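Working notes, structure below.
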């Protein structure tokens, strides 16, 4: 398992102008010493080819993998917007685009399924995999929601990107392991027990664990401590 830091965890600092996306890459490499990053689409000051190339080069120079792009609105977006996000991912060399499904009050399941069809068709055309995040009150909140989404979308380009600690008590994380390509953990709420439970449920997982913060208000101290906790538990 590799450890990545999600730029969404520092959203408030980036939004206030206290931290740029490029400074975030430096922070991850030099102070947090993580293995990779998950870049939130909200944090790109520019999306032209020159800037995307600069981000990719800087990540490479710092020894960071770009584990995924995160987009909270991806699965509710129009096809044109999805195509734009895939363009960013392809330019950056990101293998994954991650996001939650729509809230159940936003649209019907049939509408969400139609958007999933459009998303997976585009994903196949560019060979970039989709990692669905679980979130309360969305169409992917539980293990059973995940299973229905995978079955009805019926695409090899749609996989799971769960935060195991946020699943309901009836969900068995182990049942998701075979189709999981990205894991998430909230640095603000994780415990030694939740870390150990995730490692136990996903034995041999070789992808990235993305450390996030639900409020987007993580500090460097908090994130560094969270990464240390994961490393210590992985070494047990």
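So residue 31 fits all but one of (1) within 19 Å of residue 215 (Cβ to Cβ); (2) in contact with a helix residue (DSSP H, G or I) (Cβ under 7 Å, 6 or more places away or on another chain); what number is the exception?
The single condition residue 31 does not satisfy is (1).
Here is a yes/no grid of residues against (1) in a helix (DSSP H, G or I); (2) within 24 Å of residue 72 (Cα to Cα); (3) touching a strand residue (DSSP E or B) at 6+ places or on another chain (Cβ under 9 Å); (4) touching a residue at least 12 places away in the same chain (Cβ under 8 Å):
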| position | (1), (2), (3), (4) |
| --- | --- |
| 149 | yes, yes, yes, yes |
| 159 | no, yes, yes, yes |
| 174 | yes, no, no, yes |
| 183 | no, yes, yes, yes |
| 189 | no, yes, no, yes |
| 200 | yes, no, no, no |
| 205 | no, no, yes, yes |
| 214 | no, yes, yes, yes |
| 226 | yes, yes, yes, yes |
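For region 122-134, enumerate the residues that are free of Cβ contacts under 8 Å to residues at least 40 places away in the same chain and either under 19 Å from residue 201 (Cβ atoms) or surrounded by fewer than 19 Cβ atoms within 10 Å (Cβ to Cβ) (or both).
Within region 122-134, 124, 125, 127, 134 qualify.
Pull up region 16-29, narrow it to residues that are in a helix (DSSP H, G or I) and in contact (Cβ under 8 Å) with a residue 24 or more places away in the chain, then point me to the one that is surrounded by the most Cβ atoms within 10 Å (Cβ to Cβ).
This residue is 28.
Could you grab the pairs with beta carbons closer than 8 Å, sequence gap of 6+ or different chains, first residue in region 40-61 and surrounded by fewer than 16 Cβ atoms within 10 Å (Cβ to Cβ), second one modelled with pLDDT under 95 and assigned to a helix (DSSP H, G or I)?
none
Identify all residues within region 66-84 that are closer than 23 Å to residue 23 by Cβ and surrounded by 18 or more Cβ atoms within 10 Å (Cβ to Cβ); write none if there are none.
66, 67, 68, 69, 70, 71
Looking at region 122-142, which of its residues are within 17 Å of residue 172 (Cα to Cα) and not in a loop (DSSP other than H, G, I, E, B)?
132, 133 - these are the residues of region 122-142 that are within 17 Å of residue 172 (Cα to Cα) and not in a loop (DSSP other than H, G, I, E, B).
Any residue that is within 20 Å of residue 6 (Cα to Cα), touching a residue at least 40 places away in the same chain (Cβ under 8 Å) and more than 13 Å from the chain's Cα centre (by Cα) - is there at least one of those in region 109-120?
no
The values are calculated or read from the model by the stated rules, or taken from the named source; none is laboratory data. In this text, all values refer to a predicted model and were calculated from it rather than measured experimentally. Cβ sites come from the backbone with ideal geometry, for glycine too, and all protein chains shown count toward neighbours.
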